[in-house]
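The values are calculated or read from the model by the stated rules, or taken from the named source; none is laboratory data. All values derive from a computational prediction rather than experimental measurement. Please note: Cβ atoms are built from the backbone with ideal geometry, for glycine as well, and neighbour counts cover all protein chains shown.
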Amino acid sequence: MSSSQSWVMHTAGYLGIKPGPRLTEPLRCDAFPARGVAKKPSEKRKNKGLRRAPAHLTSRIMLLIIFLISVLSVLGPEGQSPSTTLRPPVTEESGQCSAACESRQQSKLLRLHSIRSQILSALRLERAPNLTRDAARQLVPRAPPLLELLSRYERQNGSTGEDYEEAEEREEASTETIITMATEPQSVSQTNSVPRCCLFSLSPKILPDNIVKAQLWIHLRLGKEATSVFMQISRLQPPFYSNPRPKILSLKIDADAHTNPWQSVDMKQLLQAWLKQPESNFGIEIKAFDSQGKDLAVTSAESGEEGLQPFLEVKITEVPKRSRRESGLDCNERSSESRCCRYPLTVDFEDFGWDWIIAPKRYKANYCSGECEQVHLQKLPHTHLVNKANPRGTAGPCCTPTKMSPINMLYFNHREQIIYGKIPSMVVDLCGCS
């Protein structure tokens, strides 16, 4: 007999109940007739000589039943003691994962799946473009600004998470490169000829006073033979203008087989004028002819010239404003914090098999995980009132992102065209209960 069983027998003896023989047959439901059901005459005769059990004995039996149920629920199967069934929580340092760790792992997997779907949806892609790494490298234009961006992203990939966080806290001026691809202009003057290119939608980050450099990059169809290229760039005007288009610049390029087909033109003054008077931005016209009058400028995505359209490279500088940090917890994977917290997560697109993304190859996305108590106020005031009126109709507040920021991305679409765009809500900046 185990120690737990002897303890139960001792307690039963204390209650004044002698243990009877072990039941060999299961109890039947008809052994206890329901109230209001009349007994048969034969049953009355059989039970005529039986006495009702004393009240104190009945109460002791009920106490024993309740006591035994409580003991068995604690002891578990085979009469084991609580000390043998309960195990201390394991930690991540021992190579195992606790309940909080498993919850974070699940939140991390859900976040990665959400990022995949969010990127495809934001770029309006039903599926990821089927592009191998070698093919992507061959299609990337060898334009200097793109090569500089790629090398910059590679340097960022080699930095650690601590370096990334330290860079975020710096207060000195930082420089950002914004690349805007050309689109076809609309509603412009058609006095001389059909305009060749180019309208640029300027980012709201670009201001007249924070432009460090602005260059227009044009790809020329150069052959192996030496030739002179006459390039002219003019401002497009609204339809009701009949005056000649004002020229921005005219230049002559002596090209040969060693000349870089990518040529750049300074556009800083024109950009500042557009920013001060946005209504004057109707785009520009690009012309580039050789001595025989052959058009050499690539201004649209013709067959075999994908990724060679003109683009605008703008470098801006800004001093981050150090504001008071919003309330929210930041944790790491070794943290024992159980409340809602922001955890670091680096997304590597190569792990997705997404070679169609040129840059960045990876970025710091972060994710939220942790517990939320009902006492926390929800993000919306009426949410707390609804939960209070109907507590069973809601699962309570959840740990979710409350502040997010976008990322810039350079990628190939299904037509193998290079597109530079911004994807919103890709970085978790703050987590909270909502």
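Evaluate the following for Leu270: is it touching a residue at least 24 places away in the same chain (Cβ under 8 Å) and either in a helix (DSSP H, G or I) or among the hydroxyl-bearing types (Ser, Thr, Tyr) (or both)?
Judged against the criteria, Leu270 is a match.
Residues in segment 410-430 that are of a type outside the set (A, V, I, L, M, F, W, C), part of a strand (DSSP E or B) and either over 17 Å from the mean Cα position of the chain (by Cα) or outside the structural domain of Leu112 (by TED's automatic domain parsing) (or both): how many?
2
Looking at this structure, is Leu312 assigned by TED's automatic domain parsing to the domain that holds Leu220, within 16 Å of Phe230 (Cβ to Cβ) and at pLDDT 85 or above?
no
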